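Student: Supplied in structure tokens, the structure appears directly below.
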């Protein structure tokens with residue numbers, strides 16, 4: 001009898017921990033993309049770069065779109081990803097938009113008056129409400145719009161890292 005009780009307790013603990021891990025995984029999911037800033041980009045002019053991501057089903061495997069809701073942007077960072085190094089001081093403004101296959105675009109993060117010599121920084125989040133319909137679509141499109149203070153002397157590769165949060169749909 002003692003072995004049955006211990007086995008049942010161990011099985012319960014495993015099931016609860018698996019559910020907790022699944023819940024944590026579903027609550028935050030990342031998206032990253034690289035933006036090439038070439039030497040030919042003029043200063044004081046907005047330039048745009050667009051990338052299309054796979055949908056949530058591909059991120060989690062299987063059909064999990066029905067299992068999450070209340071999707072919001074929770075974190076947005078940019079960093080210099082080029083092997084030559086560098087910093088973000090050449091940038092004047094950066095804006096990140098998301099849309100569903102290019103339609104219904106919403107600003108989710110931005111930074112103006114950039115004055116950092118750092119190679120990475122967090123962007124200011126724009127609380128645009130829930131992004132369920134965009135993130136769960138078959139084509140999440142992320143558009144990065146930037147403006148340079150000065151033309152760069154060499155190509156620069158910028159990494160855009162976004163984190164989205166959600167709650168499990170029950």
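The values are calculated or read from the model by the stated rules, or taken from the named source; none is laboratory data. Predicted model, so just to flag it, every value in this text is computed and none were measured. With ideal geometry, Cβ positions are generated from the backbone for all residues, glycine too; neighbour counts draw on all protein chains shown.
Every residue, every condition in (1) crowded, with 17+ Cβ neighbours inside 10 Å; (2) at pLDDT below 90; (3) in a strand (DSSP E or B), yes or no:
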| position | (1), (2), (3) |
| --- | --- |
| 33 | yes, yes, yes |
| 39 | no, yes, no |
| 43 | no, no, no |
| 63 | no, yes, no |
| 72 | yes, no, yes |
| 78 | yes, no, yes |
| 86 | yes, yes, no |
| 92 | yes, no, yes |
| 128 | no, yes, no |
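Student: Considering each residue of segment 132-153, count those that are part of a loop (DSSP other than H, G, I, E, B) and either in contact with a helix residue (DSSP H, G or I) (Cβ under 6 Å, 6 or more places away or on another chain) or within 18 Å of residue 118 (Cβ to Cβ) (or both), and give that number.
Tutor: 4
Student: Search segment 104-126 for residues being more than 30 Å from residue 68 (Cβ to Cβ) and touching a strand residue (DSSP E or B) at 6+ places or on another chain (Cβ under 6 Å), and hand back the single one that is surrounded by the fewest Cβ atoms within 10 Å (Cβ to Cβ).
Tutor: If we filter segment 104-126 for residues that are more than 30 Å from residue 68 (Cβ to Cβ), which is where we start, we get 112-119.
Checking the rest, the ones that are also touching a strand residue (DSSP E or B) at 6+ places or on another chain (Cβ under 6 Å) come to 112, 114, 119.
Details: 112: 11, 114: 20, 119: 15.
Ranking the qualifying residues of segment 104-126, first place goes to 112.
Student: If you check residue 52 against the conditions, is it surrounded by fewer than 17 Cβ atoms within 10 Å (Cβ to Cβ), modelled with pLDDT under 90 and part of a strand (DSSP E or B)?
Tutor: Criteria met by residue 52.
Student: Pairs please, first residue from segment 107-118 and at positive phi, second anywhere and assigned to a strand (DSSP E or B) and at pLDDT 90 or above, Cβ atoms under 8 Å, 6+ apart in sequence or on different chains.
Tutor: Once the first residue is at positive phi and sits in segment 107-118, its partners that are assigned to a strand (DSSP E or B) and at pLDDT 90 or above give 113/92; 113/93.
Student: Suppose we filter 98, 167 for residues that are closer than 26 Å to residue 29 by Cα, in contact with a helix residue (DSSP H, G or I) (Cβ under 6 Å, 6 or more places away or on another chain) and not in a loop (DSSP other than H, G, I, E, B); which single one remains?
Tutor: Going through 98, 167 in turn, the sole match is 98.
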